[in-house]
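First comes the structure, then the notes that go with it.
The values are calculated or read from the model by the stated rules, or taken from the named source; none is laboratory data. Owing to the predicted nature of the structure, the values given are computational and were not obtained by experimental measurement. Cβ sites come from the backbone with ideal geometry, for glycine too, and all protein chains shown count toward neighbours. Accessible surface is based on the protein model in full, side chains and every heavy atom, while ligands, DNA and RNA are left aside. Shrake-Rupley method; radii C 1.70, N 1.55, O 1.52, S 1.80 Å.
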Amino acid sequence: CILHGNERWSYAEFNAAVNQVAHTAYALGVRKGDVIGLAMENRPAFFFAWLGLSKLGAIVAFINTQVSGKVLQHVIDVIGAKTVIVGSECLPNFATTPELPAGLNLWLWSDPERPADPAQRAICAVDLTERVPTAPQENPPLDWRAGLVAGDTAQYIFTSGTTGLPKAAVVSHARWLMAGAAMKEVWEIEADDCFYCFLPLYHGAASMSATATALTAGASLLERRKFSRREFWPDVRQYGVT
């Protein structure tokens, strides 16, 4: 399902990791319809957090990993999130934004490549890095998202802000699923295909065009933090990118 460096997750392993986030978030009070921000660079934990919250029927708002200050404040205000899952690589953006809404909860997900500064870590109410690995791996009960329908909002994906402050585009569960189903047919994607994603996962092209299509087809998704001209062709050969 997911490839990252030397790490691989089968679909069963991927689902188990997603379920651990769902159980952890539910234990922390997340319920269907809640809006949870997600600020994290491209790494497997992004998928785990995103789809774990989706299993609860929560709305996941993808936050640009480059924004801070006035723009970050605006983004959080617009979505009305009370909680944001923050990768330690993005924690400086929040630590340097004093105008964050009162009562906002930051849940830390540490990044082995860029661990959190202890002073910045102190602004986080919860450390998911400690909680998620010990959570149950089985699928969460269906009644945790009872009443959810395809037209309900699944994600907020922000525009780039070239015409003013970023605007939140509303993506329903149906829209995300249909994007994957349509592109699978148009591109004739099969389970033995492998996507290569180095675009930011907070972007629609990565989260819809690539991820939705790969998961719909049962294909593989190789993700990289950022584009590397030097590593592009070696990655294509090593991982069998199609």
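Output the residues belonging to the stretch 59-80 that are more than 12 Å from the chain's Cα centre (by Cα) and either among the hydroxyl-bearing types (Ser, Thr, Tyr) or open to solvent by less than 10 Å² (accessible area, probe 1.4 Å) (or both).
Step one: list which residues in the stretch 59-80 are more than 12 Å from the chain's Cα centre (by Cα), which gives 66-80.
Of everything in the stretch 59-80, those that are more than 12 Å from the chain's Cα centre (by Cα) and either among the hydroxyl-bearing types (Ser, Thr, Tyr) or open to solvent by less than 10 Å² (accessible area, probe 1.4 Å) (or both) turn out to be Ser68, Leu72, Val75, Ile76.
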Q) Does Phe158 satisfy the criteria of being touching a strand residue (DSSP E or B) at 6+ places or on another chain (Cβ under 6 Å) and either within 22 Å of Glu89 (Cβ to Cβ) or exposed (fewer than 13 other Cβ atoms within 10 Å of the Cβ) (or both)? A) yes
Q. Of all residues in the stretch 20-58, which are closer than 16 Å to Ala168 by Cβ and either without any contact (Cβ under 8 Å) to a residue 12 or more places away in the chain or open to solvent by 20 Å² or more (accessible area, probe 1.4 Å) (or both)?
A. Gly33, Asp34, Val35
Q: Please enumerate the residues belonging to the stretch 100-126 that are over 16 Å from Glu41 (Cα atoms) and either in contact with a Ser or Thr (Cβ under 7 Å, 6 or more places away or on another chain) or part of a loop (DSSP other than H, G, I, E, B) (or both).
A: Leu100, Pro101, Ala102, Gly103, Leu104, Asn105, Asp117, Ala122, Ile123, Cys124, Ala125
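Taking Ile123, is it open to solvent by less than 80 Å² (accessible area, probe 1.4 Å) and within 25 Å of Gly33 (Cβ to Cβ)?
no
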Q: Could you please find all residues in the stretch 190-217 being open to solvent by less than 30 Å² (accessible area, probe 1.4 Å) and out of contact with any strand residue (DSSP E or B) (no Cβ under 8 Å at 6 or more places or on another chain)?
A: Ala212, Ala217
Q: Just give me the residues in the stretch 171-189 being among the β-branched types (Val, Ile, Thr) and open to solvent by less than 80 Å² (accessible area, probe 1.4 Å), in sequence order.
A: Val171, Ile189
